[in-house]
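So the structure is just underneath, and the comments pick up after that.
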Amino acid sequence: ALEAAPSGPTAALLQALRLHEAPRGVPALRPVPPVMWRLFRRRDPQAARTGHPLRPCHVEELGVAGNIVRHIPDSGLSSRSPEPSRTSGLGPKWTVSFDLSAVGPAERPTRARLEVRLEAEDARGWELSVALSAAAGRPGPELRVPVRPGLPLRADLLGAAVSANASLPRTLRLALSLHCGATDARARLAEASLLLVTLDPRLCPPLRSRR
Amino acid sequence: HTEPGVGGGPGGACRPRRLHVSFREVGWHRWVIAPRGFLANFCQGACTLPEPGGPPVLNHAVLRALMHAAAPTPGAGPPCCVPARLSPISVLFFDNSDNVVLRHYEDMVADECGCR
C-alpha cells in the first residue's frame, strides 16, 4: 500500500517513483558514465517486449540482485593531494570519501565497486591497497589491487569496506596507499568513483504462484 | 497527456488507452537524463459478455457480466476494465547529491487490459 498520496501531480509522481524529495535547483551537469548508459540501455523496456524477459530486481550486466544503481563521484574532501608516507616501500597515500546520504534505510547493498584512475609514468609491479579510513575508527580488511598502466583500478568493497548486512554509513571514507617500493614514486589520483547497487525489496513484485 | 479521440474515444471495449507521462511537464527535464517520458497507458472501455478476440476475462467477470445483463442490481455493476499485463520502466537521472542514479520500476506500463 502506498503512503497517503500528497497533492499535486509532481508529488504523486514522486511517490510513484519512490523518490523522497523533488529535484532541487539545477544539477551540476557532468558526463553520464558509460557504465550507467550501458545499464540503462540493457534495461530498455523495448528489449523486454521483444522476447528478452528482464528479471525483476536483478542487474543482469553485473549479475547481482538490485533495482537501484548509483554512480557516486568522490566528494573530493581530502583526496588527490597525496599525503607524505614515512613508511619505506609505501608510496603516496590518499583519502577519498563518498556521500551515501541519498541511500534509503530499506536499501540493501548488493555490489559496491570502487573505480580509481591513477596517472603515473611507470606503474609496473605497483599495488594499491584499499581500506576503510582510520577516521572510520573500525579497522577493516585491506584489499590489494594490482595497478595496470592505462587501465582503471577496480576493487569490490562488499564484505571488505562495505558490509553486506548492515545499513550503509552516510559517508564512506577510504584510505588508498600505493605500494610501489619507493617513497618518492610519482603518481596522481585523477578520479575516484563508487558504483553502488542496492535492492529495495519494497519495489520488487511479490513472487506470484503460478496458476 | 491523454490523446482524446484516438481509437474512438472512451467508448468501445475494454482496452489500453494512450497516456503519456512527460518529465518536462513536471519540470524534471534537467534532472532526468533518460527517458524524456514514457507511455504509461490506462485501461478503459466496456466489459460486456466475453467476445472472441476481446480482452482477457476471468470466470468471475463472466458471471458478473451475465448477472448484470440479466438483472442489473444496484451496487453490483459490470466487471471492471483494469490492467492485465504490466511492464517495467527504468529512469536515469541526477539526484540531489549529483550522483547519476538508475532506478528500475516494475509494473509501470499497462500493456494489456482485462475485465476483472
Which whole number gives the average count of other chain Cβ atoms within 10 Å of the Cβ atoms across peptide A:192-198? 1
Unpartnered Cys in chain B, judged by a 4.7 Å Cβ-Cβ cut-off, are B:C80
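Taking only Cα atoms of chain B, what ratio of Rg to Rh do you get with Rh as the Kirkwood inverse-distance radius? Walk me through the intermediate numbers first.
Working: Rg = 18.5 Å, Rh = 16.3 Å.
Rg/Rh for chain B comes to 1.13.
Averaged across A:30-36, how many Cβ atoms of other chains sit within 10 Å of each residue's Cβ atom? List each step's numbers first, then the result.
Details: counts 3, 1, 6, 1, 0, 2, 7.
Average neighbour count from other chains, rounded to a whole number: 3.
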Given 0.36 nm per residue, what is the gain on full extension from A:A12 to A:S163 after removing their alpha carbon distance, in nm? 51.0 nm
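Can you give the average number of partner chain beta-carbon atoms within 10 Å of each beta-carbon in peptide B:102-112, as a whole number?
Details: counts 16, 10, 16, 6, 7, 3, 3, 3, 0, 3, 0.
Mean number of neighbouring Cβ atoms from other chains: 6.
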Given the peptides A:157-164, B:69-76, arrange them by the average over their residues of other C-beta atoms within 10 Å, most packed first. A:157-164, B:69-76
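A short reminder: the numbers here are calculations on the coordinates, not readings from a lab. Predicted model only: the values in this text are computed from it and were never measured. Glycine gets a Cβ as well: all are built from the backbone with ideal geometry, and neighbour counts include every protein chain shown.
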